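Asks: Take a look at the following structure, please.
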Amino acid sequence: MNKLPIVYVRGFAGGDAGIDRAVEDPFYGFNDGSVHIRVGLSGKPSFYQFESPLLRLMGEGRSDHSPGDVRGGGYEVFVRGSQEQYLRDAASGSVEPASIWVHRFYDTSARSLPSRALAGGDEDDIDGSEAYREFDLESAAESLREFVMLIKDRTGAPRVHLVAHSMGGLICRCLIQKVLPDRGEHALQHVDRFFTYGTPHGGIHFSVGFGLLEKMRDTLNIQGGNIFGRREMYAYLTPEAERGDRPPPDWKANRIPPQSFPGDRVFCLVGTNPSDYDVALGLSAKAVGPKSDGLVQIESAYISDANFAFVHRSHSGRYGMVNSEEGYQNLKRFLFGDLQVTADLVHYRLPGEPNKNVTWQAETRLSVRGLPIVMHEQLAAHHCPIQLEWPKDTDTADRPTPLVTTFLSSQEGRPDNATRMRYVLHLRVLSLQENNGLFSFGDHLEQSADFDDMLVVDIEAPDSQRSVPRAWATWASQIKSPLRGYDPPEDAALTDQDDTAGRWVRHVPLPSPSGSFLGESAAVRLTVQGRRPADDPSYAQI
């Protein structure tokens, strides 16, 4: 598998003191690891050593995988005093494409090293007062474009992967949605895939203050925070030719127009753990509220039409998203996976008549064989369950309810050289009754669900003999052995219900009798398909 350069863009550092601290790190935090993980229902921390995304990407593909893993060696990191200067000194096409680069956009705004901030300059010729520049998000996006162009020329790669934390994702979006279109360029010419950790795609909002805190921040630009307000976001996310004086009423910050960049090439990692975000002595988490990662509210952390996963991690810190196994496994599979797997709840019917006082929700967890973590979890306890709809015009829900999307690699080393990729989708359906706006617990059974089962899915990738994958799916309640030793028989492979080339679809009915109350046709629809390259002709039709 050909590997493209990865460009990491860090998050918000705050004022001058924060910027000075940020530039002291050679890799802007992409090298931060962790040794804390929360396990079990008790929430007590346990030791688990994650070495950092940077080191993991450098080591992947080497001796820690099964023989026959064809991915080759890990990523390289070239510095030699300055990554940017290293690139400038290199000849075109001479640098290894499988390389990691850090966009050090804060260097020009650091008072601690103004003379070194201008790459390629002679220190004796630089006046410190002229070298220092106030941080500006759009300027950071402009310099990101120059950096990407330099990387492409020196590596010969057609595109790069953008990986960003927090505000870094907004810098990348400014590049994609404004800087490149203003130059008559399209993002697919330069960017292959775009991954964000905890980016405030919809801005940063507070659950206290009734909007007053946001107005103060945006008006006074406290610590440079107005970049997270609606008006400023509209300015740096909209091309000059389309921009008015203020955002129109229907403008949505957390949307990338499909003509700018396709949503299926974007992945948003959403954190759901505010309690472990200790910035400002925990005041940030209290101001933003429980439905957040401690800084970014859950509903603002993803882009509509993009892929996403929810993980019980904080915005940063010892339980942060970037320095976590959960974050890395989602990153790796999105960037390098060649199969996309989606699960949707379809054709279900909520029992009884539509009742505005009854709320129906689904919870999901996704586990992948061989990993010590949960890849995705949407739970009511984490303030992010999936809302199920009452039917409108028919006897079943009007549209599929997305449960999870993940990515698998047919080239990934697997335990015991297994040929099949396995994941388990834990699905729970539960309901709550309200009376006069308050939840009624008269018939409530704590920690219980109306439906609770696990779908065990095995996938065999396409090969030279088959253009579509093979798949097996069985509910755990129907398996009579421990899951660890369960191996579905060869003749139990599910048939494809879709004639589309390169795509496999199958409806797996909910098990009877436990799932019968959702209707006889209720099922989980599994879709497995290959991923389109960035130069696929279908993107030209967007």
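The values are calculated or read from the model by the stated rules, or taken from the named source; none is laboratory data. Since we're looking at a predicted model, the values are computed, not measured. Every residue, glycine among them, receives a Cβ derived from its backbone with ideal geometry; neighbour counts consider all protein chains shown. All accessible areas refer to the heavy atoms of the entire protein, side chains included, with ligands and DNA or RNA removed. Shrake-Rupley method; radii C 1.70, N 1.55, O 1.52, S 1.80 Å.
Matching residues to (1) in a strand (DSSP E or B); (2) under 26 Å from S477 (Cβ atoms); (3) in contact with a strand residue (DSSP E or B) (Cβ under 7 Å, 6 or more places away or on another chain); (4) modelled with pLDDT under 85:
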{"position": "P391", "(1), (2), (3), (4)": "no, no, no, yes"}
{"position": "R399", "(1), (2), (3), (4)": "no, no, no, yes"}
{"position": "F407", "(1), (2), (3), (4)": "yes, no, yes, no"}
{"position": "R422", "(1), (2), (3), (4)": "yes, yes, yes, no"}
{"position": "Q433", "(1), (2), (3), (4)": "yes, no, yes, yes"}
{"position": "Q447", "(1), (2), (3), (4)": "no, yes, no, yes"}
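Asks: Please specify each residue of the range 198-256 satisfying the condition of being of a type outside the set (F, W, Y), open to solvent by less than 20 Å² (accessible area, probe 1.4 Å) and part of a helix (DSSP H, G or I).
Replies: Once the filter is applied, which keeps residues that are of a type outside the set (F, W, Y), open to solvent by less than 20 Å² (accessible area, probe 1.4 Å) and part of a helix (DSSP H, G or I), the range 198-256 yields G225, I227, M233.
Asks: Taking interchain pairs and intrachain pairs at least six residues apart, which have beta carbon atoms under 6 angstrom, with the first residue in the range 203-226 and within 21 Å of K291 (Cβ to Cβ) and the second assigned to a loop (DSSP other than H, G, I, E, B) and aromatic (F, W, Y)?
Replies: Sorted first by the residue in the range 203-226, then by its partner, the pairs are L213/F206.
Asks: Within the range 333-351, take every residue that is open to solvent by 10 Å² or more (accessible area, probe 1.4 Å) and under 21 Å from G33 (Cβ atoms) and give me the one that is nearest to the chain's Cα centre (by Cα).
Replies: R333
Asks: Which condition number does F308 fail, the rest of (1) open to solvent by less than 10 Å² (accessible area, probe 1.4 Å); (2) closer than 29 Å to M167 by Cβ being met?
Replies: Unmet for F308, out of (1) open to solvent by less than 10 Å² (accessible area, probe 1.4 Å); (2) closer than 29 Å to M167 by Cβ: (1).
Asks: Now for a different question. From the set of residues in the range 288-305 that are in a helix (DSSP H, G or I) and either open to solvent by 10 Å² or more (accessible area, probe 1.4 Å) or not small (G, A, S) (or both), which is farthest from C268 (Cα to Cα)?
Replies: Result: V288.
Asks: Now a separate question. Can you confirm whether S314 is surrounded by fewer than 17 Cβ atoms within 10 Å (Cβ to Cβ) and under 17 Å from the mean Cα position of the chain (by Cα)?
Replies: So S314 does not fit the description; no.
Asks: Moving to a separate point now. Does the range 494-513 hold any residues that are surrounded by fewer than 16 Cβ atoms within 10 Å (Cβ to Cβ) and in a loop (DSSP other than H, G, I, E, B), and which are they?
Replies: T495, Q497, D498, D499, T500, A501, G502, S512, P513, listed by residue number.
Asks: Take Y348 and decide whether it is in contact (Cβ under 8 Å) with a residue 24 or more places away in the chain and part of a loop (DSSP other than H, G, I, E, B).
Replies: Spelling it out, Y348 is indeed in contact (Cβ under 8 Å) with a residue 24 or more places away in the chain and part of a loop (DSSP other than H, G, I, E, B).
Asks: Follow-up. Name the single residue that is most open to solvent (accessible area, probe 1.4 Å) among those in the range 169-190 being assigned to a helix (DSSP H, G or I) and among the charged types (D, E, K, R).
Replies: Here the residue is D182.
Asks: Name the residues in the range 264-273 that are open to solvent by 20 Å² or more (accessible area, probe 1.4 Å) and either assigned to a loop (DSSP other than H, G, I, E, B) or out of contact with any Lys or Arg (no Cβ under 9 Å at 6 or more places or on another chain) (or both), would you?
Replies: Once the filter is applied, which keeps residues that are open to solvent by 20 Å² or more (accessible area, probe 1.4 Å) and either assigned to a loop (DSSP other than H, G, I, E, B) or out of contact with any Lys or Arg (no Cβ under 9 Å at 6 or more places or on another chain) (or both), the range 264-273 yields nothing.
Asks: Now for a different question. Suppose we filter the range 9-37 for residues that are assigned to a loop (DSSP other than H, G, I, E, B) and hydrophobic (A, V, I, L, M, F, W, C); how many remain?
Replies: 4
Asks: Can you pull out the residues in the range 359-373 that are out of contact with any Leu (no Cβ under 7 Å at 6 or more places or on another chain) and either open to solvent by less than 50 Å² (accessible area, probe 1.4 Å) or in contact (Cβ under 8 Å) with a residue 60 or more places away in the chain (or both)?
Replies: The answer is R365, S367, V368, L371, P372, I373.
Asks: Confirm whether R255 is touching a helix residue (DSSP H, G or I) at 6+ places or on another chain (Cβ under 8 Å) and basic (K, R).
Replies: For R255, the condition - touching a helix residue (DSSP H, G or I) at 6+ places or on another chain (Cβ under 8 Å) and basic (K, R) - is not met.
Asks: Something else about it: Can you name the number of the only condition in (1) within 26 Å of P53 (Cα to Cα); (2) in a helix (DSSP H, G or I); (3) out of contact with any Lys or Arg (no Cβ under 6 Å at 6 or more places or on another chain); (4) in contact (Cβ under 8 Å) with a residue 40 or more places away in the chain that A285 fails?
Replies: (4)
Asks: Taking the options A117, A157, A164, name whichever one is modelled with pLDDT under 95 and either touching a His at 6+ places or on another chain (Cβ under 8 Å) or hydrophobic (A, V, I, L, M, F, W, C) (or both).
Replies: A117
Asks: When the range 3-13 is examined, which residues are found to be open to solvent by 20 Å² or more (accessible area, probe 1.4 Å) and either touching a Phe, Trp or Tyr at 6+ places or on another chain (Cβ under 7 Å) or at pLDDT below 95 (or both)?
Replies: K3, R10, A13
Asks: Taking the criterion of being surrounded by fewer than 15 Cβ atoms within 10 Å (Cβ to Cβ), modelled with pLDDT of 90 or more and of a type outside the set (S, T, Y), would at least one residue in the range 33-45 satisfy it?
Replies: yes
Asks: Please verify whether the range 245-261 includes one or more residues that are hydrophobic (A, V, I, L, M, F, W, C), within 16 Å of V296 (Cβ to Cβ) and more than 24 Å from the chain's Cα centre (by Cα).
Replies: Checked against the condition, which is being hydrophobic (A, V, I, L, M, F, W, C), within 16 Å of V296 (Cβ to Cβ) and more than 24 Å from the chain's Cα centre (by Cα), the range 245-261 yields no hits at all.
Asks: Open to solvent by 60 Å² or more (accessible area, probe 1.4 Å) and either among the small types (G, A, S) or at pLDDT 90 or above (or both): does that describe P488?
Replies: Taking the combined requirement at face value, the residue does not satisfy it.
Asks: In this structure, does S481 turn out to be farther than 26 Å from T401 by Cβ, among the hydroxyl-bearing types (S, T, Y) and in a loop (DSSP other than H, G, I, E, B)?
Replies: Against the criterion (farther than 26 Å from T401 by Cβ, among the hydroxyl-bearing types (S, T, Y) and in a loop (DSSP other than H, G, I, E, B)), S481 qualifies.
Asks: Here's a check for you: in the range 155-168, which residue that is in a helix (DSSP H, G or I) and in contact with a strand residue (DSSP E or B) (Cβ under 7 Å, 6 or more places away or on another chain) is nearest to G224 (Cα to Cα)?
Replies: G168
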